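Have a look at the structure below, then the notes.
The values are calculated or read from the model by the stated rules, or taken from the named source; none is laboratory data. Here the structure is a predicted model, which is why all the values come from computation and not from measurement. Note: ideal-geometry Cβ built from the backbone for every residue, glycine included; neighbour counts use all protein chains shown. Side chains included, ligands, DNA and RNA excluded: accessible areas come from the protein's heavy atoms. Shrake-Rupley method; radii C 1.70, N 1.55, O 1.52, S 1.80 Å.
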Amino acid sequence: MRDLNTILISEGMGMNLYRSLLVRFGIAFFFCGPLTAGAEVIFQEDFDSQSDFTSTMHTLEKAQRVTTGHILPEGWNALYQGTQWSPETGYPDNHASLEILARNADKAYGGQGKSAVMWRESYSLGWRNWASDSQLMKYLEAGYDELYVEFDISFSENFYGRNNASNYASKLFRIGSWTGEGSEFNGAAGELGPVVIWDYKRDAYGLRNVISFRGGPYGEYYYFKDQYATDVSWSFSSDLRGMAVGGGDPELYAVDGETPLVSMKASSVTHDDVFGPPGKWTKVAFYVKLNSQPGIADGVFRQWINGERIVNKENVPWILANDQNKMAKWNYFAIGGNDYFQPYDNSVRFEDWYAFDNVVVLNNMPGSVPVGDEAPETGAGGSVAPSSDMAPAPPSNLSVQ
């Protein structure tokens, strides 16, 4: 008797459908198949073999680097952390902004082993400050023209966006290029670019897919002006239309398991519709490819949720025209980030968390992700026009630090 894998592939069913069936029927999908020509795994991490670590365990310093003698998780190079409340700062019942601990097995994929748990603190300085920070960075010293990164992510039962809509946001993930000099954490300092950042936000327009695009080379054109959208806020409903390979709609469904996300009002899409109820893990993937030469708008940005492509942009001018005709390479990625998050008074010391597991990085598109028959563009970083029954489109000129 043939197994599910043999049946689906021998019958000619597309890999997107294959992955969709596995996800919908609760079967874990692991990357283990053949790669496209030239694609190689250049990094992977499931955290299980890491020694126990927290961002305040060894030092309270914000910037921590292996090159400056700091102790970091094996195989990782840098950490920028901001923690108000942890055992090391005098609050034994609270948590450091990053934890990789055996006692957190309930927060790991499959309920065993370890994961990277990012704790958000509701902390205000009296203004719209970005507070708790947990940016764990991996340098990719060779540098690459293209990168594919995937990971599993899960959110705590009390995660604020699960049951609340607000203007708060958190940076979850980024891929970028760094000169190797100065700060790898501060794009405004001029040593970064291009960079792409994925943010979490659920506001009055529903759960949003917030992406920040930053140009290069190395901060020379860090903030796009009229060349490309700097920050966009896409819906998880109408903006998914036509984004699957071949120009179809992604096979993603609301928490009820039956309602296609593309059919929903944007404002009604909740956290659980995209990321599931407490305990659910979601596979997220990103692909970036530099433009062919400075000033040419043929760079690529793609994103997947549970194997379904939800964004396809092939017009990104990652490296803008410059006097010296400089190019750059993708040479780092980071999980976690800082949070604009202050729904409760500081005295409450409220924390929630999200966790990463099963991080895989390739230097090209994996064989499990179909290539070709690309979806049509919707404009330079733009958003599909909303249907008449949807809330008005949110502004795209967001401010993400």
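Listed values, structure above:
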| item | result |
| --- | --- |
| D298, D226, reordered so the largest accessible area comes first (probe 1.4 Å) | D226, D298 |
| Carbon plus sulfur fraction of accessible area for the range 153-296, probe 1.4 Å, in percent | 44 |
| Förster radius 51 Å - calculated FRET efficiency between E220 and D256 (Cβ-Cβ, nearest 0.05) | 0.60 |
| Cross-link partners of K201 among lysines (Cα-Cα below 30 Å; sequence separation of 8 or more within a chain) | K62, K107, K114, K138, K171, K225, K265, K280, K283, K289, K313, K329 |
| Rounded accessible area of T68 (nearest 10 Å², 1.4 Å probe) | 80 |
| Spin-label model distance (nm) - A204 vs L60, 7 Å beyond Cα toward Cβ | 4.1 |
| Probe 1.4 Å, all protein chains present, accessible-area order of E308, E191, largest first | E191, E308 |
| FRET efficiency, H70 to S166 (Cβ-Cβ, R0 35 Å, nearest 0.05) | 0.55 |
| Label-point separation, A102 to E157 (7 Å along Cα→Cβ), nm | 2.5 |
| Positive minus negative residues near G75 (Lys, Arg vs Asp, Glu; Cβ under 9 Å) | -1 |
| Positive dipole terminus of the range 169-276, leading residue within F185, Y223, W198 (C-beta point charges) | Y223 |
| Unit charges at the beta carbon, dipole of the range 43-132: most positive-side option, S132, A108, S86 | S132 |
| Sequence of T83, T67 from largest to smallest accessible area, 1.4 Å probe | T67, T83 |
| Inter-label distance, nm, simple model (7 Å from Cα along the C-beta direction), S263/N129 | 4.7 |
| Fully extended contour minus Cα-Cα distance, from Q84 to Q112, at 0.36 nm per residue | 7.2 nm |
| Computed lengthening from N315 to D46, 0.36 nm per intervening residue step minus Cα-Cα distance | 93.5 nm |
